[in-house]
Amino acid sequence: MNLTLFDLDGTLIPVDSDHAFGAFMIDVGWADAEVWGARNDEFFAQYNAGTLDLPAYIEFATSAWRGRPLAEALAMRERFMAEVMRPALRREALDLVAR
């Protein structure tokens, strides 16, 4: 069975994956910490306030990787999943999904 879960309330994963990916782009050197990091935080605040300009956010969020070769971008996505998202999964969340 294929199943897709959306964790909009933080029940399964205690981090916001979009914001965390932005921070990861800075950590790996694909984005500027000062300028890009501040803009990432601004968009996160907009999201939390319910005022996110989605087209502007997508343009911004993809800017760190969209010019890179596909294989390189996909490898970095896998690295993000392994280093950031998988460690964020809580045992309780995995048990809940299993049930």
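The values are calculated or read from the model by the stated rules, or taken from the named source; none is laboratory data. What you see is a predicted model; the values in this text were computed from it and never measured. Because the Cβ atoms are built from the backbone with ideal geometry, glycine has one as well, and the counts that use them run over all protein chains shown. Side chains included, ligands, DNA and RNA excluded: accessible areas come from the protein's heavy atoms. Shrake-Rupley method; radii C 1.70, N 1.55, O 1.52, S 1.80 Å.
Assess whether residue 87 counts as being open to solvent by 80 Å² or more (accessible area, probe 1.4 Å) and under 18 Å from residue 10 (Cβ atoms). Here the answer is yes, as residue 87 does meet what is asked. Is one or more of the residues making up the stretch 12-26 under 25 Å from residue 90 (Cα atoms), hydrophobic (A, V, I, L, M, F, W, C), more than 14 Å from the chain's Cα centre (by Cα) and open to solvent by less than 90 Å² (accessible area, probe 1.4 Å)? Checking the stretch 12-26: at least one residue is under 25 Å from residue 90 (Cα atoms), hydrophobic (A, V, I, L, M, F, W, C), more than 14 Å from the chain's Cα centre (by Cα) and open to solvent by less than 90 Å² (accessible area, probe 1.4 Å). Would you mind stating whether residue 5 is open to solvent by 70 Å² or more (accessible area, probe 1.4 Å), assigned to a helix (DSSP H, G or I) and in contact (Cβ under 8 Å) with a residue 12 or more places away in the chain? Answer is no for this residue. Among the residues of the stretch 27-36 satisfying the criterion of being of a type in the set (A, V, I, L, M) and assigned to a loop (DSSP other than H, G, I, E, B), which is most open to solvent (accessible area, probe 1.4 Å)? Going through the qualifying residues, I end up with 33. Given the conditions (1) among the small types (Gly, Ala, Ser); (2) modelled with pLDDT of 95 or more; (3) closer than 24 Å to residue 86 by Cα, and given that residue 37 satisfies all but one, which numbered condition is not satisfied? If we test residue 37 against (1) among the small types (Gly, Ala, Ser); (2) modelled with pLDDT of 95 or more; (3) closer than 24 Å to residue 86 by Cα, just (2) comes out false. Within the stretch 60-80, being in contact with a helix residue (DSSP H, G or I) (Cβ under 7 Å, 6 or more places away or on another chain) and open to solvent by 70 Å² or more (accessible area, probe 1.4 Å) holds for one residue alone: 65.
Checking each residue of the stretch 50-59 against the condition of being open to solvent by 90 Å² or more (accessible area, probe 1.4 Å), within 29 Å of residue 92 (Cα to Cα), of a type in the set (Asp, Glu) and in a helix (DSSP H, G or I) gives no match. Looking across the stretch 60-76, just one residue is assigned to a helix (DSSP H, G or I) and closer than 14 Å to residue 27 by Cβ, and that is 76.
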